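Following: one structure in structure tokens, then a few remarks.
All of the numbers you see were taken from the coordinates with simple rules; none came from a lab. This structure is a prediction, so every number in the text was calculated from the model and none was measured. Please note: Cβ atoms are built from the backbone with ideal geometry, for glycine as well, and neighbour counts cover all protein chains shown.
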Amino acid sequence: MHSIAIIGAGMMGNVHARAYKGMKKPVALWIVEYIEERARIFSERFGATITTLEEALDNRDIDIVDICTPTFTHRDLATKSFEAGKHVFCEKPVALNLADARVMKQTAEKFDKKFMVGHVVRFFHEYRRVKEISDKGDIGKIVMARLFRGGSFPAHGIDNWFSDIERSGGVFVDLSIHDFDFLKTLLGPVEEVEARSIAISADSSRRDFDHGMAILRFKSGAIAHVEGSWAEPPKMPVSFGTAYEFVGTGGMITNSYEREVTLRLQTSSNQGPNYSQENPTFSDPYAEELEAFVRSVDENTDVPVSGEDALDSLRIALAANLSARICRPVKISEVV
Ligand SMILES: NC(=O)c1ccc[n+]([C@@H]2O[C@H](COP(=O)([O-])OP(=O)(O)OC[C@H]3O[C@@H](n4cnc5c(N)ncnc54)[C@H](O)[C@@H]3O)[C@@H](O)[C@H]2O)c1
């Protein structure tokens, strides 16, 4: 049985613990959290043992560390965990800059430990279907894409860390990185990014508000328009949503998703038009993601989202930030 120490009992720590608890093979959970009240509630909710980072790293029973803390803490927590001989799952974005991401990846390699980063969109049913349809060639070669992800500002963050671009990376690094990562799996490497964001490109004093648009040019010749938003009003009945359109040489796939709404997938392809509502069984993408990680540990196989994958996705997001700052297109090769 695996013993897993989750670091951080905030939003994602709770999501991960719920996923672990639903797994077929039972796991023992531990929680490392500064805020005593949060640690206590988490412990009661999930039957997790409260511990400190030092104790968790010294504890030989604990073989996996799952990092669910704000992004600016990822590098130190991950490297300490590898040095203590633990496998590490780390929430996305892997880090705030490429140097930190490289240190994390290299430390995992040095200590021969599994290292996976939480690019969970790859595990969402509606995105998996796009990959399957694309791989089968049902809509020909995808040449254009438009993706939206967003809602209201993530005000739940401890000490409002999302509002500080030095600690969260901003809307491209924290949010749109999901879409950058998925697009890379579908369309291959990105060559150039042109982007603007309210927080970076416009003269705005509001820290808890941003909206970004990025145009990605892929080496394949495809282009994608990615929009990420932290600009919708708070406390709306539906506070988060995603949407996409993928246009191929032989058809199109569209989907718009808001919480609690059945997945609707529309495709027009070489095989003719198709409308489907494809969400009959509930699947938790976070559970699938974490199960895939645990399986890689058990079977000593490659993780589905490696440190290198996460570093590449971060590079696209950093190119978007740079482009938004200097207001011109940025080659991926400029971000080192
Ligand atoms: N994959 C996704 O869908 C998704 C969604 C939201 C956030 N995230 C990512 O997950 C990470 C965590 O985000 P969140 O929204 O859960 O943050 P949060 O602010 O809700 O929670 C973070 C928790 O970590 C604790 N913490 C911070 N430093 C710590 C330390 N050194 N030791 C112990 N506890 C510590 C804080 O006290 C807090 O309880 C971020 O990297 C974020 O970008 C991913």
With +1 at each Lys and Arg Cβ and -1 at each Asp and Glu Cβ, the charge dipole magnitude of the range 135-188 around its Cα centre, to the nearest 20 debye, comes out at 320
Per residue, the convex hull enclosing the Cα atoms of the range 3-119 spans a volume in Å³ of 94
Using all C-alpha to C-alpha distances in the chain, build P(r) with 20 Å bins and read off the rounded percent in each one. 31, 59, 10
Using a cut-off of 12 Å between beta-carbons, work out the net charge of the residues near V294 (Lys and Arg +1, Asp and Glu -1, V294 not included). -3
Angle, helix 74-83 long axis vs. longest principal axis of the chain, Cα atoms, 0 to 90°, nearest 10? 50
In the range 3-119, lysine pairs with alpha-carbon atoms under 17 angstrom apart (chain gap of 8 or more, or interchain): 12
How far is helix 11-21 tilted, in degrees, relative to the longest principal axis of the Cα atoms in the chain, given as a value from 0 to 90 rounded to the nearest 10? 70
Given unit charges at Cβ for Lys, Arg (+) and Asp, Glu (-), the dipole magnitude of the chain about its Cα centre in debye, nearest 20, is 600
Highest mean packing first, using Cβ neighbours within 10 angstrom, the peptides 324-331, 250-257, 296-303, 1-8 sort as 1-8, 250-257, 324-331, 296-303
In degrees, nearest ten, helix 125-136 long axis to first principal axis of the chain (Cα): 60
Determine which lysines satisfy two conditions relative to K141: a Cα distance under 23 Å, and not lying fewer than 8 residues away in the same chain. K131, K184, K219
Ellipticity estimate at 222 nm from DSSP helix runs (n ≥ 4, -39,500 (n - 2.57)) divided over the chain, nearest 500: -10500 deg cm²/dmol
